[in-house]
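For reference, the structure is listed below as structure tokens.
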Amino acid sequence: MCGRFTLTKTNDFESIPREKREVSFNVAPSNEIIILDPEPTLKTWSYSPLWAKKPFHLINCRSETMHKKPSFKGAMRCLVPTTGWYEWQDNGTHKQPFYHHINHDLFYFAGLANNQGCLIVTKEANKDIKQIHHRQPVLLTHDESDHWLNNEDQLESELDDLIEFYPVSTKVNTPKNNSPELILSLIHI
């Protein structure tokens, strides 16, 4: 699952107004986010099928069922630019957040969108990070993103083997907290 992420490199999205492309260390569901479809645009990170009478507020979709569920019929493919994401490990007494990144560089999550909003597509976590959480976002490089946007199920990425992660402060649990200290490793604090 992916319930929070970061976007700390926004210079590539100059077509988005400056005040809408601020750096964020704690992007939360219901925030307006930058997506590419394939051009940069803004969408709410909260998806509901167009036929829904009440909002569904979906933030993730399992790649294994995205072609089967009526909620995603007619959804367009998009990319969600990111520099990392948070997952929580439940150790029985509390949930410890971990920050996942790829050398703190910009990459993309596979996403789905409609006129109402967007979500992030997930898959089973790779062997190196599944001890933190059993799901992870579908990751894409710039080159791999074309396959996704052309309706090919690009679910494996060279990035999957490059994921680094470490424990971070529980301050990330509060969406109003949004500073560089959120991605500092607890090991080095």
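Restricting to region 1-159, compute how many DSSP beta bridges are antiparallel as a %, nearest 5.
90
On the chain, 50 percent of the accessible area sits on carbon and sulfur atoms, based on a 1.4 Å probe. Relative contact order of region 113-163: 29 percent, from C-alpha pairs under 8 Å at least 6 residues apart in sequence. With contacts taken as Cα pairs under 8 Å and at least 6 residues apart, region 1-80 reaches a relative contact order of 26 percent.
In straight-distance terms, cross-link reach from LYS20 covers every one of the aspartates and glutamates whose alpha-carbon lies under 18 Å from its own, apart from those fewer than eight places away in the same chain; here that gives ASP12, GLU32, ASP37, GLU39. In the chain, taking the dipole from charged Cβ atoms about the Cα centre, the farthest positive-side position among TYR86, GLY3, ILE34 is held by GLY3. Among the chymotrypsin sites (Phe, Trp or Tyr not before Pro) found in region 1-95, those both in a DSSP coil and sparsely packed, with 14 or fewer other Cβ atoms within 10 Å of their Cβ, are TRP51, PHE56.
The accessible area of THR93, taken with all protein chains in place and a 1.4 Å probe, comes to roughly 130 Å². Only helical DSSP H runs with n ≥ 4 go in: add -39500 (n - 2.57) per run for the chain, normalise by residue count and round the 222 nm mean residue ellipticity to 500 deg cm²/dmol. Only helices count here, giving -1000 deg cm²/dmol. Think of a 1.4 Å ball rolled over the protein heavy atoms: the chain then has 53 Å² of accessible area per residue.
What pairs in LYS95/LYS123; LYS130/LYS176; LYS53/LYS73 have C-alpha atoms more than 24 Å from each other? Could the numbers behind the result be given before it?
On the way: LYS95/LYS123 21 Å; LYS130/LYS176 28 Å; LYS53/LYS73 16 Å.
Over 24 Å apart, Cα to Cα: LYS130/LYS176.
Put the Cα centre of region 5-33 next to the Cα centre of region 62-80 and the gap is 23 Å.
Label sites at THR8 and GLU181, each approximated as a point 7 angstrom past Cα along Cα to Cβ, lie 1.5 nm apart.
Relative contact order (percent) for the chain, with alpha-carbon contacts under 8 angstrom and 6 or more residues of separation? Before the final figure, lay out the partial values.
Details: 407 pairs, mean separation 43.5, N = 189.
The value is 23 percent.
The values are calculated or read from the model by the stated rules, or taken from the named source; none is laboratory data. Predicted model, so just to flag it, every value in this text is computed and none were measured. Cβ sites come from the backbone with ideal geometry, for glycine too, and all protein chains shown count toward neighbours. Surface accessibility is based on the protein's heavy atoms, side chains included, excluding ligands, DNA and RNA. Shrake-Rupley method; radii C 1.70, N 1.55, O 1.52, S 1.80 Å.
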